[in-house]
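The values are calculated or read from the model by the stated rules, or taken from the named source; none is laboratory data. The structure presented is a predicted model; accordingly, all values stated were derived computationally and were not measured. Neighbour counts are summed over all protein chains in view; Cβ atoms, including those assigned to glycine, are modelled from backbone coordinates with ideal geometry. We work out accessible area using only protein heavy atoms, side chains counted, and drop any ligands, DNA or RNA first. Shrake-Rupley method; radii C 1.70, N 1.55, O 1.52, S 1.80 Å.
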Amino acid sequence: MSHPSRRSDAATPATCAPRAVRTVPAVRAVARGASARRGLVGALALVSSTALAQQGPVSADPEYVHPRFGADAVPGVPVAKADVRNTVRWGLILQYERNPVTGYRLDQEVGVIVGNRLGAHLGVSWDFAEWGTARAVIPMAVNWQSQFPEFAAEGFGMGDISLGLQFLPFRSKHFNLGLYGDVWFPSGRSQAYMGDPGVRGTGGVQLLGMVGIADMVTMDVVGNVGIVGRQVVDTRQDFDHGPELNVSEALRFRLAWLPVPVAIVQALVTRIGLTAPFQGAAENGLELYGGVQVPVEIAFNTTMTVDVMAGRGATQGYGTTDLRVIAGLTFLRNPGRKPRPEVVEIIRPPPVLPPPVEEAVAEDPPEVQRLADQIVIRDPIEFFVDTANIKPESLPLLQKVADVINEDARIKHLVIEGHASEEGTYEYNYELSKSRAESIYKQLILNGVAPRRLSYRGMGEVVPKVQGNDEEAWKFNRRVEFHIVAQYDENTLEWPDYGQSTQLPWTGDTSRVVTPKSPDEIEREELRKFYEEQRKQQARDNFEEPAGDGEEIEVEGAPAPETPAPETPAPDAAAPEGAAEPAPAPEQPAPPPAEPEPEPEPAFDEGDEEEFEFEGRPAEPAPEGDTVEQPQ
């Protein structure tokens, strides 16, 4: 890596360093000559830097990465976030730094002043409100391997203890704005590159953006800008160690689909000397590093986060290193989570039990069941501890819930209702239950349910399913319910069409949508299948059942077979000799002709004359002996 030339007299040529090096904290004086300069380079990350120091070690803090131990903190980068009230964190961050302090003469490296440093930061933070955090950090370090005895500062020493505050005047679901301030007190070992000679402070603005970029992947975007005010340290060479502008950023990708929710982190830290800004060399440097963060629940109410990162400097500037390795453990205690009830074991004699009675084994209920006003699931939906991230093993269950909704057109609107157990505070449990219900809302939409058929809400801990103060009761109270709050009836004339696709409300991406079949369509489909099956069955019966021997098969439309008439001898046939002639058949008398049935006589006594009225003409007396036809 090339080493930028330092500002000097015209007689001093610009040279290049043979390798990437770093400088000790300092800000260069513009008007000073450099005919016989000797510099110190403090390297803490991945950059090379240039700075000159006085004869002997300097009382200055070259540290580039200052851990803060806040909510979701990235080492060296403050994050504008706080957890629920009374959340407490504590931890230890270790840093190995290669070549943090190096000597230069005429821009040429002449040797290592501090070849290795192992630093440790002990820290604690307390969220006194959901919008505020207080913190304290105690640094210490060990230096070794120096090539210059007159500049050496080997051995163990304390750093400058710091106290800080952070406030969040604006918070939302996807964006936080914060203000922070820290003060360092001169408690570090003097003339050992571990602390400043006086009190110094910093203050600035924080930004945090939280974005979902894919299914089960979220990204945090962190940015900070702050000013460091300190007592100016005159190195009596070519720079002064004074006020600075600090800028830092970080990107964090949370991979919730893994069995352990790993986060991949990239961070950048830079500082710019305000007496000679943007002019290279000692005052201005940049450090890059990255790694992973892994949160693990280690106890009932305690979560541990493991940090493993590495990096090096990208430009020259004091405080950067040829190699930086970071490893840390941070513990978080969830506030308000009640301790587990103390179990007192009482030893009793074993009871005398009657012989076991075999009972009928009840069948397990279906995994997903549609009832009159709700959808019931047999197994709970699993989330990672203290998060709204759904575990992968619960995704098939949510697919079955989506299938039930997508197959039932009568479901007009369904509310996803999240519930929490009572371990935490009301505020914490409400936010957790609402965010978990929202995660299920998103997953059901990804599984094809139209967004306008769904909504969600959080109920916190106020509607417990089981009363009790132990884990056995709490596991039933941590749940999600699906309530059908509006339905179409069977008399609906026009069923809704939800289309084939929709835009995801939280990203704008396109996602498929399933429109359920209406009951009429389902009935027609079932009838069609029924008649099709009947037709196939009849065809199979006609093909598989041949007629038996001698059995006549009547085929519809075929002519009936003719019955043969009995044979009669021909009249010309001669009878054999000696045979008697057959007697002639007696003639059958013809049946008498059928006499017509007599017409009914009129129902009146002979001699009486009665008038019969017929519709349409006047009544006339009936002649005697005539038949009268009565109207029907």
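For this structure, a couple of remarks:
- A probe of 1.4 angstrom, applied to the heavy atoms of all protein chains, finds residue 156 with accessible area near 120 square angstrom.
- Of 173/465; 475/517; 173/412; 412/442; 434/475, those spanning more than 26 Å from alpha-carbon to alpha-carbon: 173/465; 475/517; 173/412
- Probe 1.4 Å - accessible area at residue 430, Å² to nearest ten: 100 Å²
- Backbone N within the range 403-447 under 17 Å of label point (7 Å from residue 504 Cα along the Cβ vector): 436-447
- Label-point gap, in nm, between residue 90 and residue 393 - each point 7 angstrom along Cα→Cβ: 3.4 nm
- FRET efficiency estimate (nearest 0.05) - Cβ-Cβ, residue 452 to residue 540, R0 45 angstrom: 0.45
- In this structure, residue 523 and residue 255 have a Cβ-Cβ separation that, at R0 = 45 Å, corresponds to a calculated FRET efficiency of about 0.45.
- Projecting label points 7 angstrom from Cα along Cα→Cβ for residue 264 and residue 494 puts them 5.0 nm apart.
- Per the Debye calculation on the range 98-182 with a single equal scatterer at every Cα and no solvent contribution, log₁₀ I(q)/I(0) for q = 0.19 Å⁻¹ amounts to -0.84.
- For residue 304, the accessible surface of its heavy atoms amounts to roughly 40 Å² (probe 1.4 Å, protein chains only, rounded to the nearest 10).
- Note on residue 292 and residue 378: the extension gain reaches 27.3 nm, defined as 0.36 nm multiplied by sequence separation minus the Cα-Cα distance.
- Placing unit charges on the Cβ atoms only, positive for Lys and Arg and negative for Asp and Glu, gives the range 130-264 a dipole magnitude near 480 debye about its Cα centre.
- In this structure the amide hydrogen of residue 412, modeled in the peptide plane, comes within under 5 Å of the amide hydrogens of 486, 487, 488, none closer than 5 places in sequence on its chain.
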